[in-house]
Amino acid sequence: MAQYAGNCRFLWNKALAINLFKLENKQKLCYYQEFDFFSKLWKKSEEYGFLALSPVQTIQQTLKQLERAFKDAFDKNQPLKRMPTFKKKSGNNSFSFPQGFKIDNNGKRVFLPEIGWVNFRKSQAVLGNAKNVTVSQKGKHWFVSIQVEQEREEPKHPSNTIIGGDLGVKRLLTLSSGSFFKPINTEKQTTKIKRLQKQFARKVKFSANWKKFKAKIITQHTKVANIRHDRLYKISTQLSKSHAIIVLEDLKIKNMTKSSKGDSEQHGKMVKQKSGLNRVILNQGWGMFKALLKYKQVWRGGKVIFVDPKYTSQTCPCCQHKSKDNRLTQSDFVCVECGYQNNADHVGALNILARGHRVLACGEIGISQLSEAGTCIVSDHNKPMVLN
Ligand SMILES: [Zn+2]
């Protein structure tokens, strides 16, 4: 399985590199047909002959997934999609079978082409028509995901409430109701990783001890990822169950985290501070949270609205006075005009909610139309703009 997953990673990276080169040189991208042809040549070559060891389906499936990733990246209807990225050896490597597999629901085992019957621990019942299976490795464990197709009625969200949320560093998420979620704490694991890495650096490369420590570090990293995912999963489920519409800021996470790298002129304290903040942002997994929330709302018949983040932290929710001076400290908001006082993150959430209401109220954009429009952004000047 490691060989199959490794081959898929290799192929993905190779095909991706070709396309990125083409993009850079303003040439036409290669899609599935071309890459399928190339892969057949590679299999016959001496250099890449190891690809022939993989089941044909897994090779084809990887190339189809890459094609999908490129098409999504250029799809204007999916503003949150980004360019596909290279797969790391240490990442979640996987391979998929679109057919030829069998699922024995009662026996808790799955038949994989060229591998045979494999037992697994079933986390949930497999209902509906199985469309494909993906086998992936996380840390030292192997997982199998089964994608199914079901007929479903158009869902109607059980609640009719709307809530605003402000994602932050000190508090993971503050709601317009005033409640908030504490940040994710992985301090224990992070300290452990640092200690292990120091010891790891002193080991002889590729020795038994070196391998042992490497495995230990990977285990801790997997733990951190699991804690983060678990927490974000629970919070998004809770929110999605209770509110039909959730309003969040349209933060470009990638832009926020990119700017402190590279730039040689900017080295110094600011950069250091910024990269510290970036690490926290990434650590909190805002991008993952939004993705989880979005799909859960679609599933339940609710919505997530993204609004313009400009001045949400500086505007008074009471008198609308907008000033930097309203924020004397990071955590407190005191309006210099009317004296309104509140926690700064709560103020942010209230302003975000107000903008969400504006999106819903503005002109003809009713809730039914929003469902078609998908992401909707309202600018600071009251001019709604539907991205589609
Ligand atoms: Zn005020």
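The values are calculated or read from the model by the stated rules, or taken from the named source; none is laboratory data. Just so it is clear, the structure is predicted and the values come from calculations on it, not from any experiment. Cβ sites come from the backbone with ideal geometry, for glycine too, and all protein chains shown count toward neighbours. The protein model used for the area step is the full one, side chains on, heavy atoms only, and it has no ligands, DNA or RNA in it. Shrake-Rupley method; radii C 1.70, N 1.55, O 1.52, S 1.80 Å.
Looking only at residues in segment 337-353 that are over 18 Å from residue 249 (Cα atoms), surrounded by 14 or more Cβ atoms within 10 Å (Cβ to Cβ) and not hydroxyl-bearing (Ser, Thr, Tyr), which one is nearest to the ligand (Cβ to nearest atom)? Steps first, please.
Here is the first cut: in segment 337-353, the ones over 18 Å from residue 249 (Cα atoms) are 337-342.
Subset that is surrounded by 14 or more Cβ atoms within 10 Å (Cβ to Cβ): 337, 340, 342.
Add one more test, that the residue is not hydroxyl-bearing (Ser, Thr, Tyr), and what stays is 337, 342.
Details: 337: 5, 342: 10 Å.
Within segment 337-353, the match that is nearest to the ligand (Cβ to nearest atom) is 337.
Would you check if there is a residue in segment 116-126 being of a type outside the set (S, T, N, Q) and closer than 29 Å to residue 246 by Cβ?
Yes: segment 116-126 contains one or more residues that are of a type outside the set (S, T, N, Q) and closer than 29 Å to residue 246 by Cβ.
Count, please, the residues in segment 309-336 that happen to be out of contact with any Gly (no Cβ under 6 Å at 6 or more places or on another chain) and open to solvent by less than 30 Å² (accessible area, probe 1.4 Å).
Total satisfying the criteria: 6.
Please go through segment 312-328 and pick out each residue that is in contact with a strand residue (DSSP E or B) (Cβ under 7 Å, 6 or more places away or on another chain) and among the hydrophobic types (A, V, I, L, M, F, W, C). Talk me through it step by step, then tell me what you get.
Initially, segment 312-328 is screened for residues in contact with a strand residue (DSSP E or B) (Cβ under 7 Å, 6 or more places away or on another chain), giving 312, 314-315, 322, 326-328.
Answer for segment 312-328, where residues must be in contact with a strand residue (DSSP E or B) (Cβ under 7 Å, 6 or more places away or on another chain) and among the hydrophobic types (A, V, I, L, M, F, W, C): just 328.
Residues to consider are 282, 277, 248; find the one that is modelled with pLDDT under 90, surrounded by 12 or more Cβ atoms within 10 Å (Cβ to Cβ) and more than 15 Å from the chain's Cα centre (by Cα). Step through it out loud before you land on a result.
Numbers: 282 fails: more than 15 Å from the chain's Cα centre (by Cα); 248 fails: modelled with pLDDT under 90.
Criteria check complete, one pass: 277.
Would you check if residue 143 is within 21 Å of the chain's Cα centre (by Cα) and assigned by TED's automatic domain parsing to the domain that holds residue 53?
Numbers: within 21 Å of the chain's Cα centre (by Cα): yes; assigned by TED's automatic domain parsing to the domain that holds residue 53: yes.
Yes: the conditions hold for residue 143.
Restricting to segment 294-308, what's the tally of residues that are among the β-branched types (Val, Ile, Thr) and either within 14 Å of the ligand (Cβ to nearest atom) or not in a strand (DSSP E or B) (or both)? Lay out the reasoning, then the answer.
Our first condition is that a residue be among the β-branched types (Val, Ile, Thr); within segment 294-308, this holds for 298, 304-305, 307.
When the remaining residues are screened for being either within 14 Å of the ligand (Cβ to nearest atom) or not in a strand (DSSP E or B) (or both), the result is 298.
Within segment 294-308, residues that are among the β-branched types (Val, Ile, Thr) and either within 14 Å of the ligand (Cβ to nearest atom) or not in a strand (DSSP E or B) (or both) number 1.
If you go through segment 104-134, how many residues are assigned to a loop (DSSP other than H, G, I, E, B), under 25 Å from residue 223 (Cβ atoms) and open to solvent by 90 Å² or more (accessible area, probe 1.4 Å)?
3
Would it be correct to say that residue 18 is within 17 Å of residue 132 (Cα to Cα) and either free of Cβ contacts under 8 Å to residues at least 12 places away in the same chain or assigned to a helix (DSSP H, G or I) (or both)?
Numbers: within 17 Å of residue 132 (Cα to Cα): no; either free of Cβ contacts under 8 Å to residues at least 12 places away in the same chain or assigned to a helix (DSSP H, G or I) (or both): yes.
Considered against the rule, which asks whether it is within 17 Å of residue 132 (Cα to Cα) and either free of Cβ contacts under 8 Å to residues at least 12 places away in the same chain or assigned to a helix (DSSP H, G or I) (or both), residue 18 comes out as no.
Can you run down the residue pairs with Cβ atoms below 9 Å, 6 or more apart or on separate chains, where the first is in segment 61-79 and touching a residue at least 60 places away in the same chain (Cβ under 8 Å) and the partner is among the aromatic types (Phe, Trp, Tyr)?
61/95; 61/97; 79/306
Show the residue pairs meeting these rules: Cβ distance below 8 Å; 6+ apart or different chains; first residue within segment 328-344 and outside any helix (DSSP H, G or I); second residue more than 8 Å from the ligand (Cβ to nearest atom) and of a type in the set (Val, Ile, Thr).
328/334; 333/347; 340/334; 341/334; 343/174
With the checklist (1) modelled with pLDDT of 65 or more; (2) on the phi > 0 side of the Ramachandran plot; (3) more than 16 Å from the ligand (Cβ to nearest atom) in hand, flag the one item residue 311 doesn't pass.
For residue 311, the failing item is (3).
Any idea how many residues of segment 91-103 are at pLDDT below 90 and surrounded by fewer than 12 Cβ atoms within 10 Å (Cβ to Cβ)?
Within segment 91-103, residues that are at pLDDT below 90 and surrounded by fewer than 12 Cβ atoms within 10 Å (Cβ to Cβ) number 0.
Out of curiosity, is residue 52 open to solvent by less than 50 Å² (accessible area, probe 1.4 Å), at pLDDT 90 or above and either assigned to a helix (DSSP H, G or I) or hydrophobic (A, V, I, L, M, F, W, C) (or both)? If you could, list the steps in order and put the result at the bottom.
On the way: open to solvent by less than 50 Å² (accessible area, probe 1.4 Å): no; at pLDDT 90 or above: yes; either assigned to a helix (DSSP H, G or I) or hydrophobic (A, V, I, L, M, F, W, C) (or both): yes.
Answer is no for this residue.
Would you mind finding the one in 192, 182, 203, 156 that is closer than 30 Å to residue 128 by Cβ and not small (Gly, Ala, Ser)?
Exactly one residue qualifies, and that residue is 156.
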